[in-house]
Amino acid sequence: MTKDSRGPSRGRVAAVTVASLLGAALAEATHLPAGALLGAMLVSIAGSLALSVHVPLPRPGLLMAQAVLGGAMCSSFRPEAWAALAEHWPVALSAVVGVVAVAQGVALVCARLGHLDARTATLGLMPGGASAMIALSEELGTDSRLVTLFQYVRLSVVILVAVLVGRWVGDSPDVQLARAADLPGTPPALVAWATTALVALAGGWLGARLKLPAGVFLGPVLLGIPLTALGVPVGAWPPGVLPLALWALGVRVGSQFDSSAVHELRRAALVALLAALAMVGGCLLMAWGWSAVSGVDLLTTYFATSPGGADSLLAIALGTRATLSLVLAVQVGRMLLVFLVAPTFLRRLSERR
């Protein structure tokens, strides 16, 4: 048996892993919002496509990264954030439905012009959590390879555009993520870090136990936000913890690309790329309309309506001056809507065929 038939050598895997860490560090050094996520994602995609090497990331590591991000979100919820959300909730609710409608419209056009099954295109473009849509595709008997390709092409385009928007459209590169001294009561660093870690662990466990969509990420958010309203210091992590979590999320996205699958599905890959760009363009128009009607800054409305994933987009928004309460409300609201509605809708569509 040759080395190639056994898979990539340990040396190649180690080299790509180190390169992804260096890419994450370099992107962080350029003050890009969630730079570690972008740098790791790009290097991981290159390693997957050029060398067929995937950075090894055990499932517990990915779950820990999502819990860390969920805990970090809590620091942005101050009284003024709730006031902004209460003021703009009707438009935010409309945006939740609007993003799903844009995704469905692009999927139907994509299915017709690209000669694809409508269910496959819908699952591939629906911003409801890539892993959930892929699992649902296998359950419904659609082409899970196409769904996987569409989901991760869409997610990669969304992340890349969001980072560029966050860096160059009305943002300042000196925005600081929450430190212990920034939290209510200026608690000692060890107290703030320990509190955030407990919320992340307990919330992640509860979210997974209750089978919430992206529960390990969403659980700490739902547990930590009420605690911040009570003055509990939640949201700060020791230096380096959040960038390492973002590296893990970036590696997760990039490693989903497989060179043989992409070459085999080359025509579909082009369709997936065009569909992803169309979705980003449609959601950008929606964000512009929301901003024009309500006076909310365009950066906030863009992140709120950007077609997912929620954890990655919120990680990028966390490093900008966007109003995170609005972004979180629309992103999580859309994720819940898709999670609750999509399975029933697609099963009925399948029955009609």
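The values are calculated or read from the model by the stated rules, or taken from the named source; none is laboratory data. All figures in this text were calculated on a predicted structure; none of them were measured in a lab. Ideal geometry is used to build each Cβ from the backbone, glycine not excepted, and the neighbour counts take in all protein chains shown.
Scanning the stretch 83-110 for residues that are of a type in the set (Val, Ile, Thr) and crowded, with 16+ Cβ neighbours inside 10 Å gives VAL91, VAL96, VAL99, VAL100, VAL102, VAL106. Do we have any residue at all in the stretch 204-218 that's of a type in the set (D, E, K, R) and buried (at least 17 other Cβ atoms within 10 Å of the Cβ)? Within the stretch 204-218, none of the residues are of a type in the set (D, E, K, R) and buried (at least 17 other Cβ atoms within 10 Å of the Cβ). ALA245 falls short of the stated requirement of being of a type in the set (Gly, Ala, Ser), at negative phi and either in contact with a Gly (Cβ under 6 Å, 6 or more places away or on another chain) or part of a loop (DSSP other than H, G, I, E, B) (or both). Set side by side, the residues PRO33, PRO60 differ, and just one is within 29 Å of LEU198 (Cα to Cα) and surrounded by fewer than 17 Cβ atoms within 10 Å (Cβ to Cβ), which is PRO60. Against the numbered list (1) part of a helix (DSSP H, G or I); (2) modelled with pLDDT under 90; (3) more than 28 Å from SER144 (Cβ to Cβ), LEU314 comes up short only at (3). Quick one: in the stretch 13-30, which of the residues that are buried (at least 17 other Cβ atoms within 10 Å of the Cβ) and small (Gly, Ala, Ser) is farthest from LEU51 (Cα to Cα)? Only one residue tops the list, namely ALA27.
Taken together, the criteria exclude GLY289 from residues that are more than 16 Å from the chain's Cα centre (by Cα) and touching a residue at least 60 places away in the same chain (Cβ under 8 Å). Quick check on my filter: what residues within the stretch 36-56 are buried (at least 20 other Cβ atoms within 10 Å of the Cβ) and either in a loop (DSSP other than H, G, I, E, B) or in contact with a strand residue (DSSP E or B) (Cβ under 7 Å, 6 or more places away or on another chain) (or both)? Matches in the stretch 36-56: VAL53, HIS54, VAL55. Number of residues in the stretch 229-238 that are within 16 Å of LEU69 (Cβ to Cβ) and either at pLDDT below 80 or surrounded by fewer than 24 Cβ atoms within 10 Å (Cβ to Cβ) (or both): the value is 1.
For the stretch 111-129, filtered to residues that are surrounded by 24 or more Cβ atoms within 10 Å (Cβ to Cβ) and of a type outside the set (Ser, Thr, Tyr), the residue that is modelled with the lowest pLDDT is GLY128. Within the stretch 46-67, residues that are modelled with pLDDT of 90 or more reach partners that are surrounded by fewer than 19 Cβ atoms within 10 Å (Cβ to Cβ) with beta carbons closer than 7 Å, at six or more positions or on different chains, in the pairs ALA67/LEU201. Residue-level check: of (1) closer than 30 Å to ASP143 by Cβ; (2) at pLDDT below 85; (3) in a loop (DSSP other than H, G, I, E, B), MET335 misses just (3). Against the test of being crowded, with 23+ Cβ neighbours inside 10 Å, assigned to a helix (DSSP H, G or I) and at pLDDT 85 or above, the options VAL327, VAL293 yield a single qualifying residue, VAL327. Quick one: is GLY170 modelled with pLDDT under 70 and more than 26 Å from VAL43 (Cβ to Cβ)? Yes. Selection of the stretch 206-242 for residues being closer than 29 Å to HIS54 by Cα, part of a loop (DSSP other than H, G, I, E, B) and either touching a residue at least 60 places away in the same chain (Cβ under 8 Å) or aromatic (Phe, Trp, Tyr) (or both) yields PRO213, ALA214, TRP237. Scoring LEU177 on the criteria (1) modelled with pLDDT under 80; (2) surrounded by 22 or more Cβ atoms within 10 Å (Cβ to Cβ); (3) not polar (S, T, N, Q) leaves a single failure, condition (2).
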